[in-house]
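Written out below as structure tokens is the structure these notes cover.
Rule-based calculations on the coordinates, nothing more; no lab input. Keep in mind it's a predicted model, so treat the numbers as computed, not measured. Neighbour counts run over all protein chains shown; Cβ positions are idealised from the backbone, glycine included.
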Amino acid sequence: MHSRAAIGIVAREIPGLQRSFIVHLSCRILLLFFLFAGVSACDRGPGDHQQTLLVFGTLLDIKAYTDKPDEFAAAVRGLEQTFQMMHREWHAWKGDGELVRLNRAIARGDAMRVTPELADLLRQAKRHAQQSDHLFNPAIGRLVALWGFHSDEPPAGPPPDASRIAALIAQAPAMSQLVFEENRIRASNRAVALDLGAFAKGYALNLAIRRLQAFGIGNAIVNAGGDLCVSGRHGDRPWAIGIRHPLGEGVIASVEVADGECVLTSGNYERYREHEGIRYAHIIDPRSGYPVRHVASATVISRDGGLADAAATALSVAGPQQWHRIAAQMGLAEVMLVDENGAVHVSPRMGQRIEFQQPIDRVLVSAPLQSQP
Ligand code: ADP
Ligand code: MG
């Protein structure tokens with residue numbers, strides 16, 4: 001595998017900038033010429049435009065290659081409002097939003113009418129949970145809270161008591177226990193506590209791309225800390241991005257992302273609690289109630305950002321031995337796992353697409369399969 005320069009999360013930004021400068025310069029010369037010739041119009045042509053929002057507690061970088069800066073600005077303003085609303089209403093543990101109220105209703109054994117948007121989000125989450133054999137299980141909010149991850153600060157101290165973990169596991173909350181009557185939702189198990197932290201970001205990235213398209217912005221990349229969706233191209237090239245190394249420094253691999261695709265990574269390196277030298281990551285295996293250890297990161301490429309996000313979490317739980325079955329069940333062909341020892345596991349299609357940016361000791365290529373042992 002040969003290497004090519006990738007800069008930070010999003011590579012190949014520089015040629016576009018230089019090109020737009022040259023275009024503007026030549027445009028001015030042309031303008032002078034045409035002014036003398038009695039022609040007054042000169043189209044400035046497309047260039048890079050970028051805005052950064054602070055939403056979902058993270059920086060969201062929105063970049064467009066467009067000749068419509070005003071439409072771009074208007075789309076971003078609208079998106080900011082939508083994302084603030086999502087953050088407020090669909091937060092798992094903060095405030096008094098729709099999801100917090102739904103969780104309270106479920107705990108009481110009541111049903112609650114939710115917005116069509118939340119009902120749609122939960123229907124999708126239920127489907128992804130079932131396809132992943134419930135390794136993606138957004139009903140385990142109580143476990144996530146027990147481990148201390150329902151907090152802005154990284155949790156401290158020893159892990160929770162084994163007996164408390166076992167008690168929550170015995171309650172077996174699962175998305176299949178959610179019952180939909182139109183947009184009225186209840187759960188047959190009061191221990192269901194919804195936490196969309198592993199899914200909502202991917203859903204929101206897809207939505208951002210669609211919203212930009214509705215404003216006529218067809219070449220864009222929306223990036224939340226390395227999780228991203230793209231539309232169109234970056235001028236005459238595809239958008240190219242770098243995937244962060246979960247164990248080392250810098251970029252592990254770069255990949256060209258096609259129109260409509262999303263790249264989502266779940267990592268054990270960003271949010272974790274540490275006690276006596278052991279790291280307990282924020283991705284929890286719903287079968288054991290304990291944080292995942294065998295995978296440092298899982299990356300998924302798909303046209304469906306929500307699916308990719310849910311799958312990246314599910315595949316982190318599935319680990320090097322079981323990811324093949326879960327990927328096949330979720331309909332994924334492009335998957336990369338970095339395990340705790342730094343070995344990289346890729347599906348054949350992912351292997352063909354990525355270009356490693358640093359030497360990798362072990363690369364294991366194997367296909368998603370229903371019946372992999
Ligand atoms: P990242 O935020 O690194 O992209 P994820 O997408 O995997 O990681 O989201 C992790 C969050 O999802 C956790 O903070 C927690 O709120 C929730 N979560 C943890 N384990 C699971 C799981 N097995 N299934 C669904 N949600 C989970
Ligand atoms: Mg996820």
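See the values below:
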| item | result |
| --- | --- |
| Order by protection proxy (mean Cβ within 10 Å, highest first), peptides 78-86, 251-259 | 251-259, 78-86 |
| Relative contact order of the chain, defined on C-alpha pairs under 8 angstrom at six or more residues apart (%) | 17 percent |
| Distance in nm between pseudo-label sites at ALA367 and LEU59 (7 Å out along the Cβ direction from Cα) | 4.2 nm |
| Hz values of 3J(HN,Hα) by residue in segment 49-60 - Karplus curve (6.51, -1.76, 1.60), Gly and Pro given as x | 9, 9, 9, 10, 10, 9, 9, 6, x, 9, 8, 10 |
| Full-stretch length increase - ARG293, ARG104 - with 0.36 nm per residue and alpha-carbon distance subtracted | 64.9 nm |
| Inter-probe distance in nm under a simple model that places probes 7 Å from Cα toward Cβ, at GLN130 and THR52 | 4.2 nm |
| Estimated distance in nm for a label pair at GLN358 and GLN213, the labels positioned 7 Å out from Cα along Cα-to-Cβ | 3.6 nm |
| Cα-based helix-to-principal-axis angle, 200-214 vs the chain, degrees rounded to 10 | 30 degrees |
| Ranking of GLU153, GLU334, GLU340 by count of other Cβ atoms within 10 Å, fewest first | GLU153, GLU340, GLU334 |
| Dipole magnitude of segment 213-334, debye to nearest 20 (Cβ charges: Lys/Arg +1, Asp/Glu -1, about Cα centre) | 260 debye |
| FRET efficiency, 1/(1 + (r/R0)^6) with R0 25 Å, evaluated for GLN329 and ASP259 via beta carbons | 0.40 |
| Unit charges on C-beta of K, R, D, E only; dipole of the chain, Debye | 500 debye |
| Residue among HIS275, HIS324, HIS87 with the largest mean-square fluctuation in a Gaussian network model of the chain, springs linking Cα atoms under 10 Å | HIS275 |
| Convex hull volume per residue for segment 98-187, taking Cα atoms only, in Å³ | 110 Å³ |
| Trypsin sites (Lys or Arg not before Pro) within segment 97-199, DSSP loop, no more than 16 other Cβ atoms inside 10 Å | ARG190 |
| Dimensionless Rg ratio for the chain, taking C-alpha atoms and the 2.2 N^0.38 Å reference | 1.08 |
